1. With every protein chain kept in place and ligands, DNA and RNA left out, what is the accessible area per residue of segment 44-133? Probe 1.4 Å, answer in Å².
2. Over 19 Å between Cα atoms, which of LYS75/LYS99; LYS76/LYS165; LYS64/LYS165; LYS99/LYS193 qualify?
3. For LEU77, which sequence-distant residues (separation of 5 or more, or a different chain) have an amide H within less than 5 Å of its own amide H, given hydrogens modelled in the peptide plane?
4. For segment 58-216, what is the charge dipole size about the Cα centre, in debye to the nearest 20, if Lys and Arg each add +1 at the Cβ and Asp and Glu each add -1 at the Cβ?
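The values are calculated or read from the model by the stated rules, or taken from the named source; none is laboratory data. Since we're looking at a predicted model, the values are computed, not measured. Quick reminder, even Gly has a Cβ in these numbers, built from the backbone with ideal geometry, and neighbours come from all protein chains shown. Ligands, DNA and RNA are stripped out before the accessible areas are found, and what is left, the full protein with its side chains, is counted by its heavy atoms. Shrake-Rupley method; radii C 1.70, N 1.55, O 1.52, S 1.80 Å.
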Amino acid sequence: MNDQIFASPSIKEKKNLSCSYPEEEPAKMAKRKRQPLSMTQSATSAMFGGVCNVIAGQPFDTIKVRLQTQGTREKKLYAGPFDCFSKMVRKEGMFSLYKGTSGAFASIMTENVVLLTANTGIKAMYRKYCMRGTDRALNFSEHALCGGLAGIFSAVAITPAEVVKVRLQVSRGKCAAKGDVHQYKGPIDCVRKTVRAEGIPGLFRGLNSVLARDLPFNCVFLSSYEVIIHGMLSFRGGGADKA
């Protein structure tokens, strides 16, 4: 009897005692697809992405703008990017590389939120009114069309922040001559002086150039992104969304 009590279970009993977890059927796994992001999810991810973008890239953008806005060959302030970097740090301090950061935050976050949210909404409207419920993924040209239309909204939204950012970046701080029209204490002061001197349209200077830049860029960028994601998911066998 003792032998029966302490006898190890048989192989069959071990199989019955073992915990079995139901595995997902291959057919269900094949049908499972990446769901399109909602407008709220697009906006939230865009905001966090914009913050990381500014923190990492603002010094490079400031140097770029300084080089683009310096005088003629005879009156050039900087010989190149490294010379610009060293002079800015030596004369204006390390934080001068982050001049216009508040405007950059406003610009990139506004651009990302408006662009991706508008793109999500435009694709949904396109599918509803143009595809009439057709159950298929958008092709490259349709993604390009939606991306270009979304770029119009983002260009209009970011131009005021871009104007403020660039004007703060070209401000020479303590090294600027007294009475320099490009002297601003901060973004609020820049907005106030711009509106006082040029009116509200002054905040939208360069809108045509921003549109000329952003429309083709967003057509190519958003369409390429969607097609590449679709291809990668298809290659992995997980299916792709119908965005």
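1. On the way: 5290 Å² over 90 residues.
That works out to 59 Å² per residue.
2. Beyond 19 Å: LYS75/LYS99; LYS76/LYS165.
3. GLY71
4. Details: 25 positive and 12 negative charges, 103 e Å.
For segment 58-216, the charge dipole is close to 500 debye.
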